[in-house]
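> Please see the structure below; I have some questions.
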Amino acid sequence: MRWQSKAGLSLLLSFWRLMVAQPALADVDVDKYFLVGDSPSPFTNVAYLVNHLYKVLLVFGGVLIFLFIIFGGLMYIKGAGQERSDDVNKGQKVITWSIIGFLILFSAYWIIQIIQLITGVPILG
C-alpha cells in the first residue's frame, strides 16, 4: 500500500472515531464546578457570556496591538540601520495598521459606551 492511501485510510478512520458517539465514563455534576458560593452559574445567560468575552477580546486586542507596534518599530529600526528601504516601509506599514486597529478597537468601545448612555441598558456590565 502506498503511503498516500495509508494516510487517507488513517485520516478516514480518525474522522470516523470522532464522529461516533463515545460513551460517558463519568457522571459529573457540571453545576457543582460553576457555582460561586450559593449563587447559580454566571454563564446561564448568553448576554453575560458575550459581555465577558467582549472584555477579554478587548484586552487581547490591546496586547496584540502593543506587540505589533513594538515589532513594527524594531523592523523600522533594523531597516534604517542597514539602509534597507523595504524593511523601513514594512515597519511603517505594520505601525500604521496597528494604529488603525487601535482606533477601531477604541471606537468600538466608545460606541458601546454611547449606546449604553443613550438607551440606559448596561451592555458591558
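A short reminder: the numbers here are calculations on the coordinates, not readings from a lab. Here the structure is a predicted model, which is why all the values come from computation and not from measurement. For neighbour counting, all protein chains shown are included, and Cβ atoms are generated from backbone atoms with ideal geometry for every residue, glycine included.
> By how many nm would the segment from K78 to W97 grow when fully extended, if each residue of separation counts as 0.36 nm and the alpha-carbon distance is taken off? Could the numbers behind the result be given before it?
Working: separation 19, 0.36 × 19 = 6.84 nm, distance 1.88 nm.
Contour length minus Cα-Cα distance gives 5.0 nm.
> By average Cβ neighbour count within 10 Å, what is the ranking of 90-96, 117-123, 61-67 from highest down? Each step should come with its number before you reach the end.
On the way: 90-96: 16.0, 117-123: 9.1, 61-67: 14.0.
Taking the mean over residues of other Cβ atoms within 10 Å, the ranking is 90-96, 61-67, 117-123.
> How high is the FRET efficiency between I123 and I70 when r is their beta carbon distance and R₀ equals 41 Å, given to the nearest 0.05? Please list the in-between numbers first.
Numbers: r = 32 Å, r/R0 = 0.77.
That pair, I123 with I70, gives E of 0.85.
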